[in-house]
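First up is the structure itself, then whatever we jot down about it.
The values are calculated or read from the model by the stated rules, or taken from the named source; none is laboratory data. All values derive from a computational prediction rather than experimental measurement. So basically every Cβ, Gly included, is an ideal-geometry build from the backbone, and we count neighbours across all protein chains shown. Accessible surface areas use protein heavy atoms only, side chains included; no ligands, DNA or RNA. Shrake-Rupley method; radii C 1.70, N 1.55, O 1.52, S 1.80 Å.
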Amino acid sequence: MALEVPPELEKEIDERITHYPVSKRSAVLTVLHALQHHFRFISEESIEWAAAKLELEPIKVLEVVSFYPGIRQKAPGKYHIRVCRTLSCAMAGSYELMDSICEKAGIGRSGVTHHDPVALSEDGKFSVEFAECLASCGTGPVCMVEDDFHEAVTDVDALLSQYK
Amino acid sequence: MSQIKYIAGKEPHAKESRVVFKNVDREGWDQSIETYIEDGGYEQQQKAFKMEPGDITEEVKKAGLRGRGGAGFPAGLKWSFLPPNNDKPVYLICNADESEPGTFKDRYIIHQDPHQLIEGMAISCYAVGAKLAYIYIREEFPEGAQILETAIEEAHKKGFLGKDILGSGFDLEIYVHRGAGAYICGEETGLIESLEGKRPYPRIKPPYFPAAMGLYLCPTIVNNVETLCHVKHIIGSGGEAWSKTGTPNNTGTRILCVSGDVQKPGYFEVQVGKVTLGEVINDMCGGLKKGRKLKAVIPGGSSAKVLSADETFKVGRGDDEKEITIWDIPMDFDTLAACGSMAGSGGVIIMDDSRSMSWVINNLNNFYAHESCGQCTPCREGSLWMKKITDRVVAGKAAPSDIDQLDAVARNIDGRTICAFGEAASWPTESFVEKFRDELVADTNPELEEAFVNAESLTAAVNLK
Ligand SMILES: Cc1cc2nc3c(=O)[nH]c(=O)nc-3n(C[C@H](O)[C@H](O)[C@H](O)COP(=O)(O)O)c2cc1C
Ligand code: SF4
Ligand code: FES
């Protein structure tokens, strides 16, 4: 099935490709970000669409997709959470934060590591993964819910209740 | 210029010297170009664009500005490595990947003072002749990327970017490029591969020094966010005057990011070498937590070798040579190198006596095992191996000889890889084993020795779960 990219999104992607006048291939992450933002993850169809758009072999897109933790090949929950796992946040309690998020969102804690597989709550509302240092080590523990950044997170109920 | 006031509770510490962070947490400040211009913004660009490009590089050299991204390499010198008589396009890339654990300074520049960075970049591009520049920003700064794009658009409208800037005949476009969550994209050649749309596999140097063969194999300058901001201030005050701040060979100000076991973690812009680690901990950060003692400090981002609170350090040369404690280390490039570590990215991680060193090194080994790009066998296998050994130490399932093994694995990565990630990954382990060996060994189980020596523990493939 061909990917249905809305015309406004395709227009935005085409504009972004012009930011790379020397080589269209440079736009691959940019195109993937736009597609992931819209479709929530990068499917095979998305890879083929991006490849055609950038005049690349699909394998050239796939090798990028499969490398970067920021690009997902499976659907996350409605709200995807990334908890910083690295030293300063861990000292400030990020593993406890992860435990608590999993418990309250109804996600099995045991399978949660980085990225793959995306650990999903049963109702599909939340998914969670560990991320490495999010560059806010002085205000740990920190996490991101979708594109929102949260510092010094202690009250998980208050955090999750912002997302309906 | 109006009197500068800061948001209540976020005032700079008395020992700070705010230059690059002047507008961070400033009352009434916002990211708009109007606010920036009202405060004298883009004046330095106008001044610079009347200068000869080569003279700007000279000022940066005179200033003695050393890179703030990690290696501390002199910026002016780097710029002068661009090949003479070059007929290829030159590119400039701002490294806004900010991914070294413990580092959180570029975040505030990008989010609160985007035009300072753009002005610094515009001046730097003019100096090196780059007409196309990218800001490589980590994916986890979505708001930052948006703020920068808005700022670039504003600067365009005012004629500070685009065609024939300020009537100088110089054209410049800056674009924001978002990464995708990989630490190795902070390494400059990995960054370049990533920007070319490939896996971010670092390139081998030589021959691939970016200044000679960088983006699209053209001469390319890669500098950190903070470094590029300083260029603006160097033009403002002149290189000579700028070099009067800080200490000789360690000039200017830099931002220290302090995290871990202190009362008030945070960011502090200080004159390089003018404050000691003790002042940072006790004065700026309000001291250690109640009833706690200092145990260890990682002074320059997680890749810097750890300092133990019990060591003494020989610093200074000749008649100036002396032995100092951890509290008296001046926070500058040369002294931290003399202490066997590095100033790195400015990320200072403080650990008190409640911390298990096995747990700490295991946490870091997890990071490096996850972030190795996988190109070189010693790094790919070794970083995972170190993680697995320290997983076992933490779980009480390691034998004492595992600590020797851990050290040996680290020492077989260091110096044997394509990029400096190899050192970044092995230095933490080497230094923790060197300085906290007894503690690591105490977390192992001698009874396991015999069972392990013949079997799994000497292979990378151990799977305990
Ligand atoms: C593994 C690794 C990660 C790095 N990460 C960063 C980073 O996140 N930000 C940065 O500015 N420099 C980083 N660097 C340093 C860059 O390679 C490069 O030296 C720097 O951007 C140059 O800028 P400067 O001279 O202005 O410091 C990293 C280096 C290595 C080896
Ligand atoms: S040292 Fe590690 S990160 Fe660097 S190129 Fe080799 S495998 Fe990749
Ligand atoms: S360690 Fe979590 S933000 Fe740096």
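Points to keep in mind about this one:
- As a summary of the residue check, residue A:112 satisfies the conditions (1) modelled with pLDDT under 90; (2) under 24 Å from residue B:101 (Cα atoms); (3) within 13 Å of another protein chain (Cβ to nearest Cβ) except for the one numbered (3).
- Residue that is nearest to the other protein chains (Cβ to nearest Cβ) [pool: residues in segment A:39-90 that are in contact (Cβ under 8 Å) with a residue 60 or more places away in the chain and closer than 30 Å to residue B:296 by Cβ]: A:69
- Top-ranked residue of segment B:1-28 - restricted to ones that are within 24 Å of residue B:145 (Cα to Cα) and over 26 Å from the mean Cα position of the chain (by Cα), ranked as most open to solvent (accessible area, probe 1.4 Å): B:27
- Candidates B:109, B:147 - the one that is more than 12 Å from ligand 1 (Cβ to nearest atom), assigned to a helix (DSSP H, G or I) and outside the structural domain of residue B:261 (by TED's automatic domain parsing): B:147
- Residue B:61 open to solvent by 10 Å² or more (accessible area, probe 1.4 Å) and more than 19 Å from the chain's Cα centre (by Cα): yes
- Residue check for residue A:75: closer than 30 Å to residue B:387 by Cα, in contact with a Pro (Cβ under 6 Å, 6 or more places away or on another chain) and open to solvent by 30 Å² or more (accessible area, probe 1.4 Å): no
- Residues that are assigned to a loop (DSSP other than H, G, I, E, B) and either out of contact with any helix residue (DSSP H, G or I) (no Cβ under 6 Å at 6 or more places or on another chain) or within 12 Å of residue B:441 (Cα to Cα) (or both), drawn from segment B:361-403: B:375, B:376, B:395, B:396, B:397, B:398, B:399, B:400
- Condition check for residue B:240: part of a helix (DSSP H, G or I) and either touching a strand residue (DSSP E or B) at 6+ places or on another chain (Cβ under 7 Å) or of a type in the set (Gly, Ala, Ser) (or both): no
- Answer from B:60, B:19 - the residue that is out of contact with any Lys or Arg (no Cβ under 6 Å at 6 or more places or on another chain), of a type in the set (A, V, I, L, M) and not in a loop (DSSP other than H, G, I, E, B): B:60
- Only listed residue being within 16 Å of ligand 1 (Cβ to nearest atom) and either under 21 Å from residue B:99 (Cα atoms) or open to solvent by 10 Å² or more (accessible area, probe 1.4 Å) (or both), chosen from B:216, B:175, B:183: B:183
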